[in-house]
Each structure stands twice: as structure tokens, then as C-alpha cells.
Amino acid sequence: MSHEEHRAKAPKKFKFAVITVSDTASRGEREDRSGKFLVEEMERAGNERVYYTVVPDERLAIIRAVIESIERGADVVITTGGTGITSRDITIESLRPLFDKELRGFGEVFRLKSYEEIGTAALLTGATAGVIRSGGRAVVVFCLPGSLNAVKTGVEIIKKEAYHILKHAGE
């Protein structure tokens, strides 16, 4: 079956969660523009938000938020923030052990598109995605950087492929 045929059989909408990982936004010291943008874009695409939160760059807070998202029925969880190389950037290191399957291609495509926009600075992001299986279902988790420009790049990939990924992850 071609990828077009797979897409045609994929779900047309899904339940989603957005988790912003940011010390400063969690303390109310800056607005969460990236998380709010993700919510608006995913709702505009016809998907249903079941969870949104802002958490600090703390391993247990990140994991708790993802678990809460899954418990509330999210099919897709999108995190923003904490994907860089500073000592406080631990989103991917926190979530990667939960993945039953990592979708390395997402990070590769994201970095390629970022490279086209910002050049070699794209090397500094560890954006990735993965599938967590829980309760007989598959949840797709996308980990994006925290900058609004990076989120705008990532959400376009997500809007094109999340439905297709969900179809395969559920098989």
C-alpha cells in the first residue's frame, strides 16, 4: 500500500495535549507563546484538546504531565521546550525511556527544515518523537524546541504526518 493509501485510511482527527517545558513560563515570568500557538494550530486543524499545561524543566514534572495527558485520552502529545543542550534541557532525556518506538525520522526532518531556515544552528536541537503504548493504545509524542519559530516549523510536519503515524502506531 502506498503512503497516500495509508493516509487515506488514517484517522481524520485526534485528541491532543500540549505541554510546555519552561522554568520561566512555569513561574509566570514569561508568556507561553509557543504552547498557545500549538493549541490554536491543532484546534484549527479540527483536533480536540484534552490537556494543556506548563511545567518546569524537571524530570518528574515532565513525565507526570505526559502521563496525565495519556490518562485524559490524548492520542498525540506535543511538548515544547527543553530539547537543547543546556543542563536544564531534559525533556528528551526524560521521555525517551518511555518510548516503545522512537521516530528518529521526525527529528531528522525537523533538523533539515530548521537548517534551511537557520543554518547550522539547527544542530543544537534534539527534537524527536516516539510512540508510547498504554492501555492497549498507542500515543504519539512529539518533542519540539521552545522557540516560536521552531514550533511553527514542527507543527507543519505534525499536521501532515500525525494522522498517518497514528494509523501505523495503532496496528
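Arranged by the count of other C-beta atoms within 10 angstrom, fewest first, what order do Ile19, Ile92 take?
By the 10 Å Cβ count, ascending, the order reads Ile92, Ile19.
Sorting Asp100, Asp23, Asp75, Asp57 on the 10 Å Cβ count, fewest up front, what's the list?
In increasing order of surrounding Cβ atoms, one gets Asp100, Asp23, Asp57, Asp75.
So the label point goes 7 Å from the Cα of Ile67 along Cα→C-beta, right? Which residues of region 121-140 then have their backbone N under 16 Å from it?
From region 121-140, the list is 132-135.
If R0 is 22 Å, what FRET efficiency do you get for Leu123 and Thr86 from their C-beta distance, rounded to 0.05?
Calculated transfer efficiency: 0.95.
I'd like the FRET efficiency for His168 and Ser134, computed as 1/(1 + (r/R0)^6) with the beta carbon distance as r and R0 of 22 Å, rounded to 0.05.
0.85
Using Cβ contacts closer than 10 Å as the measure, can you line up Thr24, Thr86 from fewest to most?
Sorted ascending by nearby Cβ count, the order is Thr86, Thr24.
Taken together, the values in this text are just the output of simple stated rules run on the coordinates, not laboratory data. Bear in mind that the values here come from a model prediction, so they are computed numbers and not experimental data. Cβ: placed from backbone, ideal geometry, glycine included. Neighbour counts: every protein chain shown.
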